[in-house]
Amino acid sequence: MFSVGFVQETLEAKPIRIGGCERSEFSGFSIDSRTIRDSECFIGIKGDNYDGHDFIGDAVAKNVEIFIVNHSKIDAVSKSVVKGVVIPVNDTIETLAKLARAHRRRIFANTVGITGSSGKTTTRELAVAVLSKRFNVHTAKKNLNNNIGVPLSMLEAKTDTHLMVLEMGMNHKGEISSLSKIAEPLVGIITNIGYAHIGNLGSLDAIADAKSEIFDGIVERGFVLLNADDPYYGYLKARAGVPVIDFTSSDIKVIEDKGIDGYVLEFGGETFEFNLPGQHNLSNLAAALRIGEFFRVPVNLRIEALREFRAVTGRSQIVPTSSGIIINDCYNANPSSMIAGLRLLGASSRGGRRIAILSDMLELGRKSGYYHKMVGDFIVKNKSADLILGYGDYTRELVQTVQKAGIAAKWFENKEGLSSAARAEIRDGDVALVKASHGMGLDTVVQTLTGN
């Protein structure tokens with residue numbers, strides 16, 4: 001439960017009471033008038049496409065009585081609010097950050113911040129599973145990892161929370177720094193450095209610099225976990241400014257690689273089955289095991305959590321169907337994660353064909369064509385697919401690359417054509433990888449193939 005007094009003290013703002021409203025407490029914060037509850041405080045956020053202040057009336061219609069708004073909107077807002085408490089501020093996005101930071105401090109929760117070019121969400125969920133064996137852990141309900149989503153997630157933490165495990169995403173330089181200063185991590189984790197957002201940042205060095213911004217908000221006596229297998233490990237370690245703890249997939253002994261069925265592994269003297277397939281997920285697992293060690297979760301409890309773990313939807317998720325097996329990895333893609341997915345597909349024969357259902361990797365800038373051709377060259381060199389089905393302007397480059405090498409491939413002008421072809425092609429014994437950037441919407445193709 002929050003109070004108007006908490007907001008007033010945190011923001012040094014003076015509430016305006018309208019219509020004799022004496023309301024002093026509320027259950028949480030919302031920026032969405034469509035889903036807000038009457039017990040919550042509405043914060044008007046101006047985004048790229050909408051201004052939340054324009055929907056104050058919708059919140060009022062749901063009996064919301066507490067509002068945080070920009071000073072410049074106060075006159076218009078006051079006309080909509082017949083009875084309520086209006087708190088004017090200079091910048092509602094900055095206000096959200098201040099409130100989140102103050103809430104974390106008042107409940108005495110520590111924070112684990114996770115960033116990296118790929119594997120963030122899987123690492124976050126693995127870490128949550130491990131840490132929850134000993135602590136009350138809070139994390140985002142959805143993939144909320146920007147300057148609005150992170151503070152909103154923090155403000156949802158209950159008062160008995162011990163640890164917040166937060167994912168930090170970015171498109172441009174400076175964003176991770178801001179998020180880290182909001183979250184104030186006791187521990188920061190960088191999963192890896194890859195090609196995601198290279199179109200905005202220009203080079204892998206620049207991406208490494210941007211990811212290293214997580215160091216900016218780490219609290220005094222804090223730590224950072226770095227991937228010792230990553231080529232940028234030494235570069236990041238030299239920039240850290242805080243003690244570094246390594247994690248590496250070589251800490252985990254592979255007893256059996258079962259392809260798309262995952263692994264049989266050994267760690268800390270215990271053998272266990274791990275359901276996530278792919279070498280890249282061993283790296284994510286190593287990070288989760290190390291963060292568990294940092295917070296002194298006993299090995300047996302860490303292993304118990306991992307035995308129970310299942311893939312996050314859209315990330316290396318294995319979905320059996322009546323015709324073939326689908327590897328649903330369509331939540332996002334960049335050249336590094338695309339190659340990781342194709343490497344998994346290449347090792348996933350079930351007696352049928354290995355089919356790659358692909359679409360564009362976005363935010364790669366002027367070298368988009370080059371990176372799609374690079375992925376095509378990988379397929380040719382490693383023989384990681386028997387059939388490619390592609391859609392998207394840049395994916396045409398990939399399809400043409402593999403066709404020239406004699407690999408069966410088809411390109412489609414739209415997603416509907418791709419979906420119909422995929423449904424017609426996949427048969428018993430086939431394994432199909434579905435992979436693309438989230439903006440290409442291949443989740444609908446997965447729905448067509450799986451019926452879910």
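A short reminder: the numbers here are calculations on the coordinates, not readings from a lab. Quick caveat, the model's predicted, so the values are computed rather than measured. Positions of Cβ are backbone-derived with ideal geometry, glycine not excepted, and every protein chain shown enters the neighbour counts.
Below is a table of values for the structure above.
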quantity: Relative contact order for the stretch 2-89, counting Cα pairs under 8 Å that sit 6 or more residues apart, in percent; calculated: 33 percent
quantity: Over the chain: helical MRE at 222 nm, DSSP H runs n ≥ 4 each giving -39500 (n - 2.57), nearest 500; calculated: -10500 deg cm²/dmol
quantity: Relative contact order (%) - criterion: Cα under 8 Å, at least six apart; region: the chain; calculated: 11 percent
quantity: Share antiparallel - DSSP beta bridges, the chain, percent rounded to 5; calculated: 30 percent
quantity: Charge context of ASN382, other residues only, Cβ under 14 angstrom, K/R +1, D/E -1; calculated: +2
quantity: Among (1) 23.6, 85; (2) 20.9, 65; (3) 23.8, 77, the entry that matches Rg and Dmax of the Cα atoms in Å as calculated here; calculated: (3)
quantity: Per DSSP, loop chymotrypsin sites (Phe, Trp or Tyr not before Pro) in the stretch 1-43 with at most 15 further Cβ within 10 Å; calculated: none
quantity: Lys, Arg +1 and Asp, Glu -1 on Cβ, resulting dipole of the stretch 1-111 about Cα centre, debye, nearest 20; calculated: 280 debye
quantity: Longest site-free stretch - the chain; sites: GluC sites (Glu not before Pro), DSSP loop, at most 13 other Cβ within 10 Å; calculated: 23-219
quantity: Gain upon complete extension [ARG23, ILE255; 0.36 nm per residue less C-alpha separation]; calculated: 77.4 nm
quantity: Relative contact order computed over the stretch 317-450 (Cα-Cα under 8 Å; 6+ residues apart), in percent; calculated: 40 percent
quantity: DSSP bridge orientation in the stretch 2-89 - percent antiparallel, rounded to nearest 5; calculated: 40 percent
quantity: Whether the stretch 97-307 is rounded, prolate or oblate, judged on the alpha carbon gyration tensor where a/c under 1.5 counts as rounded; calculated: oblate
quantity: Cβ-based charge dipole, the stretch 52-177, positive-most Cα from LEU126, VAL85, VAL69; calculated: LEU126
quantity: Full-stretch length increase - ARG221, ASP48 - with 0.36 nm per residue and alpha-carbon distance subtracted; calculated: 58.5 nm
quantity: Net charge contributed by nearby residues that have their C-beta within less than 15 Å of TYR391 (K/R +1, D/E -1); calculated: -2
quantity: Neighbour net charge for SER177 - beta-carbon separation under 11 angstrom, K R +1, D E -1; calculated: -1
